[in-house]
Amino acid sequence: MSSLYVHIPFCHHICSYCDFCKVFYNEGWVNQYLEALSFEMKDKELSDDYQTIYIGGGTPSSLSLQQLKKLLDLLQPFSKKVLEYSIEINPESMNEEKLNLLKKYHVNRLSIGVQTFHDHLLKKIGRYHTSYDAIHLIKLAKSIGINDINVDLIYGLPNQTLQDVYEDIDMVNQMGIGHVSIYSLILEDNTILKHEGYIPLNDEEDAYWYQCIDCYLKEKGFIHYEVSNYYKRKPSLHNLVYWHYQDYQGIGLSAHSLIQHHRLENTKNLTKYLEHHYLEHDCPLNNEDEVFEKIMMGLRLTDGININDIDSLYHIDFLKKYKDVIDKYVKLNMLEIDNQYIRTTFEGMKYLNTILVDFLD
Ligand code: SF4
């Protein structure tokens, strides 16, 4: 699989829990940014056979119709063989014209930042859309013929109850949404909610909510395939590239790439990026780095990692090298080995970070 990630860092509003690489929308900056993106594309001599393209943000839908068209024009030479062409959109900055434009350029998957269908919670976290806007957008997308839709949801919001989350899932289910990403609210230091003193769920509460939500999603027919991701229609091909630890190209502010044993990191500084100084770090990865990163990504998947693949790719005896940590977590029913696959059990998914720290040690 050959994949391209494109980062659009602009947002019309800043949400109170957000720690992503983003900047306030400014028409002039966006125009300059698209020029700089075009420079990076030419400089990197992108391939013309990507099978997945993912436009993420920020808020890609914050671009005006003309800017969005320019972006899609820039990407057109690289999207001829694309199977899954995704874009992240927010309900308040999307409309019928933009949806029709996406359809015309063969964008076939939408990832919608809904977060919750409860208006009082949306307001609390600084989102500018309402539940009505989200429902209207989903209906509109479907009527235009874009049916492959992911909805992002968050749990652990201030004053949110488990019942609120169940109702969000009910709405997703009733609307025939085929993919859900559901994340626990994690507050980094430089977020508004953290400054306001909000304390998110503790580990124990989080594990309980995670389990209840997982049961509810499964009851509704969703299939769990990654720590925070569920599908009915199909999993995200693009995200599977990251979790399978395959190479991908990333362009735009703060974008990362994984190419031929190198992790390339673009600058997070918009001024530098607009001046075409896009690359910040080029880190060669040694065998040890790659084994750990492969484990870190692969254990996120319910399918797990093929042990034969790891052994032959990295010339190691995986079971021997990590015997102590594997034995420890198999005994705790957090890892399991079955038919040459090692995978995280549902219990292990709740404590994946702790397991990974042990692998790192
Ligand atoms: S729209 Fe997304 S990227 Fe922008 S501030 Fe909100 S959470 Fe962050």
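Laboratory data are not the source of any read-out in this text; all were calculated from the coordinates shown. Here the structure is a predicted model, which means the values were calculated and not measured. So basically every Cβ, Gly included, is an ideal-geometry build from the backbone, and we count neighbours across all protein chains shown.
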Worksheet, complete the sentence: the stretch 29-143, convex hull of Cα, quarter of hull surface, nm² -> 7.4 nm²
Item to complete: Return the long-range amide H neighbours of residue 279 (sequence gap of 5 or more, or a different chain), with a cut-off of under 5 Å between placed amide H atoms.
Response: 267
Worksheet item: Quick one: Kirkwood hydrodynamic radius for the stretch 305-361, alpha-carbon pairs, angstrom, one decimal?
Response: 11.6 Å
Fill in: Low-density loop cleavage sites - trypsin sites (Lys or Arg not before Pro) in the stretch 50-136, where at most 13 other Cβ are within 10 Å (DSSP)
80, 81
Item to complete: Starting from one equal scatterer on each C-alpha and no solvent at all, send me the Debye-based log10 I(q)/I(0) for the chain at q = 0.08 Å⁻¹, two decimals.
Response: -0.41
Discussion item. Given contacts defined as C-alpha pairs under 8 Å and at least six residues apart, what's the relative contact order of the chain, whole-number percent?
Written reply: 15 percent
Worksheet item: So which of 22/44; 123/194; 104/268; 81/234 end up more than 21 Å apart, counting from Cα to Cα?
Response: 22/44; 104/268
Practice prompt. Scan around residue 226 for amide H atoms under 5 Å from its own, H built in the peptide plane at 1.01 Å from N, and keep only partners 5 or more places away or cross-chain.
Written response: 302
